[in-house]
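Values in this text are rule-based calculations from the coordinates and carry no lab data. Remember, it's a predicted structure, so these values are computed and weren't measured experimentally. With ideal geometry, Cβ positions are generated from the backbone for all residues, glycine too; neighbour counts draw on all protein chains shown.
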Amino acid sequence: MTDATINQTKKVKSSLAKRSIQKFTSNKLAMIGLIIVLLMTLLSVFAPLLASHDPNAIDMKSLNQAPGNGHIFGTDSTGRDLYSRLLYGGRISILIGVVSALTTSIIGTIFGLIAGYFGGFIDRLFIRLSEILQSFPLIILVMVLVTILGPSVGNMILVFTLVGWMTVFRIVRNEVLRIREETYVAVNKSFGIRDFKIIFSDILPNTVSPIIVATTINIAYFILQETGLSFLGLGVPTNVPTWGTIINAAKSITVIQMYKWQWIIPGLVISLFVMSVNFLGDGLRDALDPRN
């Protein structure tokens, strides 16, 4: 490849990158989503500096206290400060969502690259494995595995990783099936370049865009899964503050009827973060799609 060709390729890539950035920044919902996600993540990361109370400190004098009077979002039925619990809870919930999304994307990408490129028996093996896992309702499968392994942050991430890689796998596999028919792949093969070098050097870079979008959307999905499982008492231990355990602590009929802030405020926080992540994912999808 000549220097002129290399320079031209770099200019094309730079132009495409600038175009994608401009498309993303012009998407108001995506920018709002990005700002909210970053803000809420930073608030959670710096929870020890921003929290007004110990999130697990029980104060019998402040049971079910409404927002105000030293408690921005009020207290729960054991006197714990809701604002502090939401900050600390975000650390765990966002951690579970991000780590689970990254691990599922890594596994799904590797499986998709191998299955799509080599085809044949390997492709059929991964397809059948994904079909077996997808034949079970995902929430039931997750609940069974969490029940077997026990409630903890590590086990929840492990379970989400085991059952959540199929979506990225199918996306990557479909992209590889298309890309492997391109001329440059055949030329590289004819020059004797090793298969795995072709896969990771030539094919993988062309599948990055859908992987990024899928990873972003999976973050919101896994946060909702953690919230649902923790609400049922199957997520993380109830003494660990997460957005799910905060909702779990407010599920009694008395709290729902008389102390509405204990479930309305956490519900709004969860909804805002998940909605913002989805806006961000939609914006990335539109910006990275070369057809738009």
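When Rg and Dmax are taken over the Cα atoms of the range 175-292, they come to 22.3, 74 Å.
Shape analysis of the range 229-292 yields a ratio of the Cα radius of gyration to the Kirkwood radius, Rg/Rh, of 1.21. Suppose R0 equals 45 Å. What FRET efficiency, 1/(1 + (r/R0)^6) with r the Cβ-Cβ distance, do Leu50 and Gln134 give to the nearest 0.05? According to the calculation, E is roughly 0.65.
Placing a label point 7 Å from the Cα of Leu177 along the Cα-to-Cβ direction, the residues of the range 129-149 with a backbone N closer than 19 Å are 129-135. Taken over the alpha carbons of the range 61-124 as equal point scatterers, the Debye sum produces base-10 log I(q)/I(0) values at 0.17, 0.24, 0.28 Å⁻¹ of -0.69, -0.90, -1.02. Can you give the angle from 0 to 90° between the axis of helix 166-179 and the longest principal axis of the chain, with both taken from C-alpha atoms, to the nearest 10? Once rounded, one gets 20 degrees. Computed from the alpha carbon atoms alone, the convex hull of the range 197-251 holds 95 Å³ per residue. For a Förster distance of 22 Å, can you work out the FRET efficiency between the beta-carbons of Lys18 and Leu38, rounded to the nearest 0.05? About 0.50, to the nearest 0.05. Under 1.5 on a/c is rounded, so check that first for the range 37-186, then, if it is not, pick prolate when a/b is larger than b/c and oblate when it is not; a ≥ b ≥ c are the square roots of the alpha carbon gyration tensor eigenvalues. It is prolate, given that a/c is not under 1.5 and a/b is the larger ratio.
Counting lysine pairs in the chain that sit 8 or more residues apart in sequence, or on different chains, and whose Cα atoms lie under 30 Å apart gives 19.
Helical content alone sets the calculated 222 nm signal of the chain at -23500 deg cm²/dmol, taking -39,500 (n - 2.57) per DSSP H segment of four or more residues and averaging over every residue. Among the trypsin sites (Lys or Arg not before Pro) within the range 122-231, those in coil by DSSP and having at most 11 neighbouring Cβ atoms inside 10 Å are Arg194. Binning the alpha carbon pair distances of the range 71-160 at 5 angstrom intervals from zero yields the distribution 2, 12, 13, 15, 16, 14, 10, 6, 4, 3, 3, 1, 0, expressed in whole percent.
For the range 186-235 versus the range 86-157, the inter-centroid distance based on Cα atoms is 11 Å. Computed over the chain, the P(r) curve from all C-alpha pair distances, binned at 10 Å from the origin, holds 6, 23, 27, 22, 13, 7, 2, 0 percent per bin. Binning the alpha carbon pair distances of the range 141-195 at 5 angstrom intervals from zero yields the distribution 4, 17, 15, 11, 11, 9, 8, 9, 8, 7, 1, expressed in whole percent. Computed extension length for Lys61-Ile122: 15.6 nm, one decimal, from 0.36 nm per residue of separation with the Cα-Cα distance subtracted. Rounded to the nearest 10 degrees, the inclination of helix 82-118 to the longest alpha-carbon principal axis of the chain is 20 degrees. Using alpha carbons only, the radius of gyration of the range 115-216 set against its Kirkwood radius gives Rg/Rh = 1.08.
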